[in-house]
Every structure is written in C-alpha cells, then in structure tokens.
Amino acid sequence: MIQASIAGIGSYVPSRVVTNADLMKIVDTSDEWIIKRTGIKERRYAADDQACSDLAYFAATSALEMAEMEPSELDCIIIGTVTGDHPFPSTACILQEKLGAKGAMAFDVSAGCTGFMLGLSIGSNMIKTGQFKKVLVMGGEVLSRVTDFEDRGTCVLFGDGAGAVVLTAPDDSGSGILSTHLESDGSYADMLNIPAGGSRKPPTLETIKNRKHYLYMEGQITFKMAIRTMTKIGNLALEQNGLTIEDIDYVVPHQANWRIIEGLAKKLGAPIDKVISEIHKYGNTSGASIPIALDEAVRSGKVKKGDLLLLTAFGAGYTWGSSIVRW
Ligand code: UT7
C-alpha cells in the first residue's frame with residue numbers, strides 16, 4: 001500500500017565552492033588523500049549571512065513549484081537538521097514564516113544524517129493516517145559552522161545544502177512511498193556528536209577553548225557501521241516489499257564517503273551504475289544528501305517516472321533508515 005505521493009522535489013546548495021586545494025591551505029592534507037579516501041573533490045559552504053532556514057527556503061520553493069502548490073496549502077513542515085538556525089525554536093517554524101505557510105504545523109527532527117529519512121517516515125505516515133494532506137519534508141544543514149578546521153580527519157568531509165520533497169495523499173498512479181524503515185542504537189551516541197553546548201556541557205570558556213562545540217567523529221567505527229546498517233535496513237526494505245535488488249532501478253544512499261557507497265553497493269549486490277552519488281561535488285551534507293542527490297537525478301532525467309528506488313541513510317545516534325519509492 002502506498003503511504004504518500006511525492007508531488008515535488010527540490011534542492012539548494014550555496015554558491016561558495018570550497019575545493020580540496022582550498023582546504024590544503026588550512027590543514028595538512030592533499031587533494032590526492034581526500035579523493036582516494038572519500039571521493040570528494042569539492043563542497044559548498046553557506047555565505048556568512050546564510051543559516052539553515054535560508055538554504056531550506058530555496059529548496060522548499062523549488063519543490064513547491066514542481067508540485068504546483070502554494071506554501072499556504074501546506075499542513076505540515078518537517079526538517080531533519082542538526083545545524084538549525086538556533087537551539088530553539090525549530091528551524092521549521094522559522095521556515096514556515098519565511099514561506100508564509102500560515103496554518104501548517106512545523107517541527108524539526110534530530111537523527112543526524114538520517115534526519116531526512118526520519119522526516120519522510122513521519123510525514124508519509126501522517127498522510128497515511130489522514131492527519132495531514134500536504135507535508136513538506138526536508139533535510140537541511142550548515143555543517144561548515146560546526147566543522148573543526150583543526151581536525152583534518154573530519155574537516156574535509158562536510159558541506160552545506162538543503163533538499164525537500166512535498167508529500168500528498170496517494171493518487172491511483174502507483175507512484176509514491178511504498179515503505180519506510182527506521183532503527184537506532186544509542187550505545188554509539190559518543191561516536192559522532194557535538195560534545196558541548198547542550199545541557200550536559202553548557203558553553204563555558206573551557207568548552208570553547210577545548211573545541212568541544214565542533215563535530216566529533218570516530219571515523220573508522222562510523223565507516224564500518226554506515227556500511228553494515230545501510231545494507232541491513234536496505235535489505236529489510238526489499239524483503240518487506242517482496243523485492244530483490246534486481247527490481248530496483250536506482251539506490252540513493254546517504255552520501256558520506258564514496259568508499260562507503262561502493263561498500264554498500266557491493267553488499268547489496270547492486271551494480272555501481274545503479275547507485276546515485278553526488279559526493280564528489282557536495283561532500284557529506286548530512287540529512288540533505290539524499291534529497292539533493294535525488295533532485296539532481298530527477299531533474300537531469302536520470303530517474304524517470306515509474307522507476308523503483310531504494311533510499312538508505314545512516315547517521316549520528318547511531319540512526320539508520322530506508323525507504324522504497326516508486327517515482
Ligand atoms: O555522515 C555520517 C557518517 N559519516 C561517515 O560515515 C564517515 C565515516 N568515516 C570515514 O569516511 C573515514 O573513516 C574517514 C574519511 C573519516 C577517514 O578515512 P580512513 O581511511 O578511516 O582514515 P584514518 O582515520 O584511518 O586515517 C589514516 C591516515 C592517518 O594517518 P596515520 O596515522 O596513518 O599516519 C590520518 O592521520 O590518514 C590520516 N588522515 C589524513 N591525511 C591527509 C586523516 N585525515 C586526513 C586528511 N588528509 N584529511
């Protein structure tokens with residue numbers, strides 16, 4: 001049974017391009033290392049006056065245009081983000097005001113790079129139950145603001161951007177979200193986090209001096225778990241829908257590292273040309289990476305009406321999720 005249709009998709013990346021050569025001026029790294037170990041050639045950083053809701057606004061507008069929908073028609077706005085405009089209120093509420101989407105309920109969800117998948121699951125299930133009819137689901141991040149440019153192991157990985165889909169009640173075309181699956185394991189919470197700035201360690205001169213307000217990651221554990229969990233939940237989605245990987249036209253994975261994407265494709269048994277990746281251009285944009293990659297694939301004509309897609313994501317928590325979508 002289809003949970004919800006996707007009436008429109010959109011994305012936005014800021015215009016400032018940061019190449020590997022640019023990062024070589026800041027940390028001890030090389031273009032060769034970054035490309036070989038991650039596949040990333042460049043990424044985008046937000047302008048100084050751009051916050052998460054500003055990037056989200058452009059992506060949302062683009063998705064609403066494709067859906068031929070006015071913002072005022074939205075019942076609900078959900079943004080997956082860990083780099084919102086403020087600790088509170090939600091970035092979704094700020095976006096609601098920017099869009100003029102009066103009457104919608106707006107909230108953020110926190111699942112790291114799985115944030116968009118979590119929003120997709122909540123939004124499509126809200127439509128399935130009949131609670132809402134038109135839901136904007138987004139992933140948006142300004143990771144450059146929490147990147148530690150003294151840590152070469154993480155600072156080369158991340159970029160900024162936003163992606164959006166507009167969900168509506170399913171029509172009889174057979175297109176839409178067939179299923180969503182979600183899991184988490186909080187025993188890995190310390191492996192990928194921002195250590196200070198919350199109620200555990202409020203900001204002090206000491207936390208700032210010790211660089212505890214920047215993103216921290218245990219790279220190798222995160223790498224292994226990303227491949228393991230995205231494979232597991234990708235296969236779960238296939239099984240629950242009575243599908244095999246041969247039925248899937250494209251896999252759209254979270255874009256964290258090209259070697260993770262290759263490892264995932266191998267374990268799923270998917271030929272690499274069936275995997276959509278924009279990692280070389282944008283790096284890891286966390287919760288925004290799947291809708292950005294899918295939007296570009298749709299707009300370039302690569303993903304066509306009727307194609308069957310497997311989306312699979314992994315992020316801080318650790319959290320992971322998947323979805324089968326008939327485009
Ligand atoms: O979106 C959430 C999920 N995120 C991820 O899934 C990311 C997962 N992790 C990764 O992608 C990889 O672990 C990294 C790309 C972060 C690191 O790659 P790695 O192959 O695991 O490298 P490593 O940490 O084992 O480091 C190998 C070497 C070390 O040098 P030594 O000790 O062997 O001399 C590092 O110091 O590479 C060095 N290194 C670098 N060298 C040049 C680490 N970062 C850099 C760098 N440039 N930027």
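Listing for the model above:
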| quantity | calculated |
| --- | --- |
| Restricting segment 268-325 to trypsin sites (Lys or Arg not before Pro) in coil, as DSSP defines it, with at most 13 other Cβ within 10 Å | 302, 304, 305 |
| Label-point separation in nm, residue 1 to residue 189, each point 7 Å along Cα→Cβ | 3.5 |
| Gaussian network model of the chain, Cα within-10 Å springs - most flexible of 199, 300, 175 | 199 |
| Nonlocal amide H pairs with residue 110, under 5 Å, H built at 1.01 Å | none |
| Estimated dipole of the chain in Debye, rounded to 20 [Cβ of Lys and Arg +1, of Asp and Glu -1, Cα centre] | 560 |
| Tail beyond 28 Å, pair distance distribution of the chain (Cα, percent) | 35 |
| Residue order, fewest to most surrounding Cβ atoms within 10 angstrom, among 142, 82, 303 | 303, 82, 142 |
| ³J(HN,Hα), Karplus 6.51/-1.76/1.60, whole Hz, each residue of segment 193-210, x for Gly, Pro | 7, 10, x, 10, x, x, 6, 5, 9, x, x, 9, 4, 5, 5, 5, 4, 8 |
| Residue-count net charge about residue 136 - beta-carbon cut-off 13 Å; Lys, Arg +1, Asp, Glu -1 | -2 |
| Qualifying trypsin sites (Lys or Arg not before Pro) for segment 1-108 [loop in DSSP, other Cβ within 10 Å: at most 14] | 25, 102 |
| For the chain, built as a Gaussian network whose Cα springs stay under 10 Å, the top-fluctuating residue of 249, 49, 295 | 49 |
| Derived scalar couplings ³J(HN,Hα) [segment 29-34; Karplus, 6.51 cos²θ - 1.76 cosθ + 1.60; whole Hz; x for Gly, Pro] | 8, 9, 4, 4, 4, 5 |
| Separation in nanometres of the label points that stand 7 Å from Cα toward Cβ, at residue 86 and residue 33 | 4.0 |
| Estimated FRET transfer efficiency when R0 is 22 angstrom, pair residue 218-residue 280 (beta carbons, to 0.05) | 0.35 |
| ³J(HN,Hα), Karplus 6.51/-1.76/1.60, whole Hz, each residue of segment 142-148, x for Gly, Pro | 10, 5, 4, 7, 10, 7, 8 |
| Loop-resident sites, segment 132-181, for chymotrypsin sites (Phe, Trp or Tyr not before Pro), counting at most 15 other Cβ within 10 Å (DSSP) | 149 |
| Amide H contacts of residue 158 (H built 1.01 Å from N, under 5 Å, at least 5 apart or other chain) | 284 |
| Point-charge dipole on Cβ atoms (K/R +1, D/E -1) for segment 177-326, about Cα centre, debye to 20 | 400 |
| Globularity ratio of segment 1-112, using Cα Rg and 2.2 N^0.38 Å | 1.32 |
| Cut-off 13 Å between beta-carbons: net charge of the residues surrounding residue 114, Lys and Arg +1, Asp and Glu -1 | -3 |
| Local electrostatic count at residue 282 - Lys and Arg +1, Asp and Glu -1, tallied over other residues with Cβ under 13 Å | -1 |
| Longest site-free stretch - the chain; sites: GluC sites (Glu not before Pro), DSSP loop, at most 15 other Cβ within 10 Å | 219-327 |
| Translational diffusion coefficient (Stokes-Einstein; Kirkwood radius from C-alpha pairs) of segment 222-327 at 4 °C, 1.567 mPa s, in µm²/s | 96 |
| Count of lysine pairs in segment 172-281 with Cα separation under 18 Å (8 or more residues apart, or interchain) | 8 |
| Inter-site label distance for residue 299 and residue 128 at 7 Å from Cα along Cβ, in nm | 3.0 |
| Footprinting exposure proxy for 22, 54 (fewest neighbouring C-beta atoms within 10 Å first) | 22, 54 |
| FRET efficiency for residue 149 and residue 236, using Cβ-Cβ distance with R0 set to 56 Å, rounded to 0.05 | 0.90 |
| Contour minus Cα-Cα distance for residue 65 and residue 172 (0.36 nm per residue) | 36.3 nm |
| Dipole of the chain, positive end: most advanced residue of 225, 193, 122 [Cβ charges, Cα centre] | 225 |
| Ranking of 13, 165 by count of other Cβ atoms within 10 Å, fewest first | 13, 165 |
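Rule-based calculations on the coordinates, nothing more; no lab input. What you see is a predicted model, and the numbers here were worked out from it, not measured in a lab. Cβ sites come from the backbone with ideal geometry, for glycine too, and all protein chains shown count toward neighbours.
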